[in-house]
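Peer 1: Below is one structure. I have some questions about it.
The values are calculated or read from the model by the stated rules, or taken from the named source; none is laboratory data. Treat the numbers as computed from the prediction; the structure is a model and nothing was measured. So basically every Cβ, Gly included, is an ideal-geometry build from the backbone, and we count neighbours across all protein chains shown. Ligands, DNA and RNA are stripped out before the accessible areas are found, and what is left, the full protein with its side chains, is counted by its heavy atoms. Shrake-Rupley method; radii C 1.70, N 1.55, O 1.52, S 1.80 Å.
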Amino acid sequence: MTVLLGPLNVQALTEQGFVERLRTTHPFFNQQALSSKVKLIEKRATKANEDWVIALESLYQSDHKNSGDISTTTSNLDTASIGLSATRKYTNTGSDITLKHTWKDKSKSTDTTNNGFSLDYTYPLLRNKGGINDRLSGDVAQIAINQNTLQRLEVEEGFILGKLSRFIDLAYAQEQQSINERRLALSEKELALVKKKYNASVVEKVDVLLQQDAYQTANQKLLQAQQDLMLLRHEIAVTLDLDFEKVVASTDFYKIYKPSEIALKAYLSKNSRVLKINNLSQKILKRQLLSFKNTAKAKLDLKLGISSAGENTNYSKSLSNQSTTWKVGLGLSYPIGGIEADSNIKKTNIELEILVQSKREQLLDIYTQAKTLKEKIQLLEKMMHANQAQIKIAKARTAEEKQRYSNGNGQASFVINAQNNEQVVKLSYAQVAKNYQKAILEFKASIDQLVP
């Protein structure tokens, strides 16, 4: 399409340029990027249970015994103690480790210092084996990140589709103005010709009046088209943060779309983002189900430990006087009834079935939409071919009426009607082309090919 807008042809916007400008300037896309950052932060937060936890405990105790109390050999005892521990969980295995150091100082009647060191390790053998429950929040957060990526594309595609629809409206408004400009220029020439004939007493006054009315009608239609175009350009200038003069569409408005032949339903079933998002929702529930089933198992933990303790009259001597102890054992617990785990399992299975049925409905919806749009495109293409044939006929009719009028065998009203009909047919062609181009965009969006 050649845009007849004079100086406005400078730096005209292509469809690709329109989308690129939209992406770089519109705050909508910044919002979407920030939502993805939130998901990444949420994923990082799930690692908090692997942080080292440092604990410090201090205690001072003073015991004053009655001198007549024969139950103790110590009459007075002041005890100061400090305990420092560090604990960490390893989500890959579900195990946890604790390092601890304790110091006790007893004074007054007896002056002794006690130092102790210990290392304890717990490894799950049934419940939380392999850290399956500890990793739940992190695994779900990772799936949510993948889901957010698809959701972003889906939302962005809908947003871009709406804005590209206005781009097509802009191209149509330009075409409409061009058609009306040509019609006005033609009416002006015809009016000058009729006036010349009237001055030569070839035609009557009514012929001049008819042509003047046709000129004014063409002028009014042009003014309306200019208004529509100007308002649309202002709207898009604000949306793209562009100068008004640069808002000009450059596109092949009458281009015929040649889609690749695909088995539409099978293609959508495999590639639809909506269905992939549903799959990820199912994946989240299946991951939760694994943990719910695991929590129904007995808690059986292997416990290993090694410790050393020493006592002497001061801190340094107690460190050199250490006795070592090691231990190994099992810890077992089991919830009788398992009501919570059983309820969670049943609930999650139902939610999974809901998503399965929802996916079937979603496939029907998107397939119906895509199939309908594909048929619509084919029908609109046929209409465009019919419009092209109609334009040829309208032009031939106009030329014939002009020839008859020039030979004195026709009337001015016939010429005007033929010219008006030609304009109507051209505008109808442009209207069909607009609907056709919008249907193409909608079809691409329905099969997730508008935004790669």
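Peer 1: Do we have residue 370 as out of contact with any Lys or Arg (no Cβ under 6 Å at 6 or more places or on another chain), farther than 23 Å from residue 217 by Cα, open to solvent by less than 50 Å² (accessible area, probe 1.4 Å) and not basic (Lys, Arg) here?
Peer 2: So residue 370 passes the test.
Peer 1: For the stretch 409-452: of the residues being more than 30 Å from residue 20 (Cα to Cα) and touching a Leu at 6+ places or on another chain (Cβ under 8 Å), which is modelled with the highest pLDDT?
Peer 2: 419
Peer 1: Another question about this same structure. Go over the candidates 355, 379 one by one and state the one that is in contact (Cβ under 8 Å) with a residue 60 or more places away in the chain and either aliphatic (A, V, I, L, M) or open to solvent by 40 Å² or more (accessible area, probe 1.4 Å) (or both).
Peer 2: None of the others qualify; the one that does is 355.
Peer 1: Further, regarding this structure: How many residues does the stretch 231-281 hold that are closer than 25 Å to residue 165 by Cα, among the basic types (Lys, Arg) and open to solvent by 50 Å² or more (accessible area, probe 1.4 Å)?
Peer 2: 3
Peer 1: Kindly indicate whether residue 282 is modelled with pLDDT of 95 or more, out of contact with any Phe, Trp or Tyr (no Cβ under 6 Å at 6 or more places or on another chain), closer than 30 Å to residue 447 by Cβ and of a type outside the set (Lys, Arg).
Peer 2: So residue 282 fits the description; yes.
Peer 1: Mind listing whichever residues of the stretch 104-129 are modelled with pLDDT of 80 or more, assigned to a strand (DSSP E or B) and out of contact with any helix residue (DSSP H, G or I) (no Cβ under 6 Å at 6 or more places or on another chain)?
Peer 2: 116, 117, 118, 119, 120, 121, 122, 123, 124
Peer 1: Run down 274, 238 and say which single residue is assigned to a helix (DSSP H, G or I) and under 22 Å from residue 15 (Cβ atoms).
Peer 2: Sole residue among the options that is assigned to a helix (DSSP H, G or I) and under 22 Å from residue 15 (Cβ atoms): 238.
Peer 1: Separate question: Looking at (1) of a type outside the set (Gly, Ala, Ser); (2) closer than 30 Å to residue 147 by Cα; (3) modelled with pLDDT under 90, which is the only condition residue 39 fails?
Peer 2: The single condition residue 39 does not satisfy is (3).
Peer 1: Quick one: would you say residue 160 is open to solvent by less than 20 Å² (accessible area, probe 1.4 Å) and under 30 Å from residue 254 (Cβ atoms)?
Peer 2: yes
This table checks each residue for (1) in contact (Cβ under 8 Å) with a residue 40 or more places away in the chain; (2) surrounded by fewer than 16 Cβ atoms within 10 Å (Cβ to Cβ); (3) under 30 Å from residue 331 (Cβ atoms); (4) not hydrophobic (A, V, I, L, M, F, W, C).
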position	(1), (2), (3), (4)
95	no, no, yes, yes
172	yes, no, no, yes
178	yes, no, no, yes
181	yes, no, no, yes
184	no, no, no, no
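Peer 1: Next question, about the same structure. State which residue is farthest from residue 279 (Cα to Cα) when the search covers only the stretch 110-147 and only residues that are open to solvent by 50 Å² or more (accessible area, probe 1.4 Å) and free of Cβ contacts under 8 Å to residues at least 60 places away in the same chain.
Peer 2: The extreme case among them is 110.
Peer 1: Could you please let me know if residue 430 is closer than 30 Å to residue 211 by Cβ, within 38 Å of the chain's Cα centre (by Cα), open to solvent by less than 30 Å² (accessible area, probe 1.4 Å) and not hydroxyl-bearing (Ser, Thr, Tyr)?
Peer 2: When the stated conditions are applied, residue 430 passes them.
Peer 1: For the stretch 201-225, which positions are open to solvent by less than 90 Å² (accessible area, probe 1.4 Å) and outside any helix (DSSP H, G or I)?
Peer 2: 203, the sole residue that qualifies.
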